[in-house]
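Asks: Here it is, the structure in full.
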Amino acid sequence: MKRKKFLLDENDVPRQWYNIQAEMPNKPMPPLNPATHKPLHADDLAHIFNQECSRQELDQEHAWIDIPDEVRDKYCYYRATPLVRAYALEKALDTKAHIYFKNESTNPLGSHKINSALPQCYYCKQEGDTNVTTETGAGQWGAALSYAAKLYGLEAAVYQVKITMQQKPYRSMIMRTFGATVEGSPSMSTRAGKNIITADPNHPGSLGTAISEAIELATTTPGCKYTLGSVLNHVALHQTVIGLEAEKQMEMAGEYPDEVIACFGGGSNFGGIAFPFMRHVFDGTHKDTKFIAAEPNSCPKLTRGKFEYDFGDEAGYTPLLPMFTLGHDFKPANIHAGGLRYHGAGVIISQLLKDGYLAGMDIPQLESFAAGVLFAQTEGIIPAPESCHAIAATIREAKRANVEGKAPVILFNLSGHGLIDMPSYMSYINGDLANYTVTDDEIEKNLEKVPLTIDK
Ligand SMILES: *Cc1c(COP(=O)(O)O)cnc(C)c1O
């Protein structure tokens, strides 16, 4: 009988994360203080983030970082996750390619984000913090953080974009079920929020307003730390449990991927599955593996952005980060893959992209949903709108292989399920969705506002 699923024992859940910074040929450039343009150190970050994550963020020395036992115990509530051979999808595509996916949708929160929420909350607790705060747009990160905070006995305050909160009430109810306080942003609970509401009483909120409020709360409340669900190096580090497990599981299948594919918002699930395999490019044992990051073509920072120092957030509160960016206040079209509507790429991935270790692939919204529907009808899982981009890229690669008469082994990451995104599928199935493109002019104009250009 052909084997469908490759399952690991709890014993095989990784005991260390892989820190690619220690082994990449060119190290990422340092984050800079926006006022002085001086490189930042871990201490500069530690008044916002917990100390251990601040250290991990800038660690270019240790390739392997121990996963604390208390975090690994909680990982075992839902890990290891299955590696699955997508026979039915292969058949529908009439391809000789072998398609595997790592299924990060099996935990009840529905996405990979819990892999970083757990260690972030654990370190806060260890360091004596009592509260955590964050912003959330689509709501996946807020849900993961709310649950992780509860497990480690922390209070969580989540600022959710007000308009999303009204449009998707289930999302805030998930967070409140886990015991978090959820505020629609802009709110009256912070000075930043009050100022925004005074200027515009009907402000619908944005990730920018929510970030400002969460950072204000963290910096003005003793014992409260800010947390982030993507983009930063330590978040991608925590996500490497995905690729480390997948490596063992591909071995069980007797194969090694020729191509590794994931969707791309800020880069955490892509880094999570790709970095462990990329180390074999660096050490020369599998130097031809191809890495593809699938982004929406309405937010094309990898394929059409520029490598510059830019803010990590719309409002300009964060340090300057060396990143492929569309400009920090780029306003992407309101596509349903909310988790991919981010203007820049994390600094590790930006450096790796610059050095040619991965390629971006931009996917139109309608193609992403067509891929998601085919995946649902073959493999029986309704993917998150974000994950649909990885599936669409996989399908393109399989079709290309058919034309070229090849049979590559393709591994993609299924970052989450779409069961709380059914309004998005409703719009697609009813024919109400459109593609959005960005003109070179719009991108060029928006990049004029980048705070510091990098000499190339
Ligand atoms: C948040 C999210 C993403 C995008 O974030 P990355 O940091 O790029 O991984 C992708 N898929 C799902 C399901 C998400 O919730």
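Asks: So how tilted is helix 268-282 from the main axis of the chain? Cα-based, degrees 0 to 90, rounded to 10.
Replies: Once rounded, the angle reads 60 degrees.
Asks: Also, quick follow-up: Taking only the alpha-carbon atoms of the chain, what semi-axes of the equivalent ellipsoid follow from 5 times the gyration tensor eigenvalues under a square root, in whole Å, largest first?
Replies: Working: eigenvalues 199, 119, 107 Å².
Semi-axes from the Cα gyration tensor: 32, 24, 23 Å.
Asks: If you don't mind, another one. Of all the C-alpha pairs in region 18-95, what % are more than 18 Å from each other?
Replies: For region 18-95, the share of Cα pairs beyond 18 Å comes to 65 percent.
Asks: Roughly what % of DSSP beta bridges within region 255-329 run antiparallel, to the nearest 5?
Replies: Values: 6 of 11 bridges.
Given both bridge residues lie in region 255-329, the antiparallel proportion sits at roughly 55 percent.
Asks: Moving on to the next point. What is the order of His286, His47, His336, fewest Cβ neighbours within 10 Å to most?
Replies: Final ranking by Cβ density, sparse to dense: His47, His286, His336.
Asks: Now for a separate question. Going out from 0 in 10 Å bins, what whole percent of all Cα-Cα distances in region 138-188 drops into each bin?
Replies: It works out to 31, 55, 14, 0, in whole percents.
Asks: Any chance you could check the Cα centroid distance between region 440-456 and region 211-252 for me, in angstrom?
Replies: 28 Å
Asks: How much length is gained on full extension from His62 to His41, taking 0.36 nm per residue of separation minus their Cα-Cα distance?
Replies: That pair, His62 and His41, stretches by 5.9 nm at full extension.
Asks: Can I ask one more? Counting residues in region 288-423 as N, plug N into 2.2 N^0.38 Å and put the Cα Rg over that result.
Replies: The value comes to 1.11.
Asks: What angle, in degrees between 0 and 90 and rounded to the nearest 10, separates the Cα long axis of helix 140-151 from the longest principal axis of the Cα atoms of the chain?
Replies: 70 degrees
Asks: If you line up the Cα atoms of region 413-456 on their principal axes, what length do they span on each, largest first, in Å?
Replies: 45, 25, 16
Asks: Checking the cross-link filter: which lysines have an alpha carbon closer than 22 Å to that of Lys248, excluding same-chain neighbours under 8 positions apart?
Replies: Answer for Lys248, where 22 Å is the Cα cut-off: Lys2, Lys4, Lys5, Lys74, Lys102, Lys113, Lys287, Lys290, listed by chain and number.
Asks: Suppose a student asked you for the relative contact order of region 327-394, using Cα pairs under 8 Å spaced at least 6 residues apart; what percent would you report?
Replies: Taking the mean separation of contacting Cα pairs over the length of region 327-394, I get 30 percent.
Asks: Could you pull out every one of the aspartates and glutamates with an alpha carbon less than 12 Å from that of Lys449, ignoring same-chain neighbours closer than 8 positions?
Replies: By straight Cα distance, Lys449 reaches Glu308, Asp310, Glu314, Asp329.
Asks: Calculate the all-directions average of the projected area of region 357-456's alpha-carbon convex hull, and give it in nm².
Replies: In nm², the orientation-averaged hull projection of region 357-456 is 9.9.
Asks: Please arrange Val13, Val260, Val161 by how many other C-beta atoms lie within 10 Å of their C-beta, fewest to most.
Replies: Details: Val13 19, Val260 28, Val161 25.
Fewest to most other Cβ atoms nearby, the residues stand as Val13, Val161, Val260.
Asks: Just how large is the dipole of region 191-321 about the Cα centre, in debye to the nearest 20, putting +1 at every Lys and Arg Cβ and -1 at every Asp and Glu Cβ?
Replies: Details: 10 positive and 16 negative charges, 69 e Å.
Dipole of region 191-321, to the nearest 20 debye: 340 debye.
Asks: Report, in whole Å, the centroid distance computed from the Cα atoms of region 335-382 and region 102-119.
Replies: Their Cα centres are 17 Å away from one another.
Asks: With both partners inside the chain, how many of the DSSP beta bridges are antiparallel, as a percent to the nearest 5?
Replies: Restricted to the chain, the bridges split so that about 40 percent are antiparallel.
Asks: Oh, and also: At a 10 Å Cβ-Cβ cut-off, how would you order Leu217, Leu411, fewest neighbours first?
Replies: Placing the least packed residue first, the sequence is Leu217, Leu411.
Asks: Moving to a separate point now. Contour minus end-to-end for Lys91 and Gln166, with contour as 0.36 nm per residue of separation and end-to-end as the Cα-Cα distance? The partial results should precede the final answer.
Replies: Working: separation 75, 0.36 × 75 = 27.00 nm, distance 4.13 nm.
Going from the current span to full extension adds 22.9 nm.
Values in this text are rule-based calculations from the coordinates and carry no lab data. This is a predicted model, so every value here is computed, not measured. Don't worry about glycine lacking a Cβ; one is built from the backbone with ideal geometry, like all the others, and counts go over all protein chains shown.
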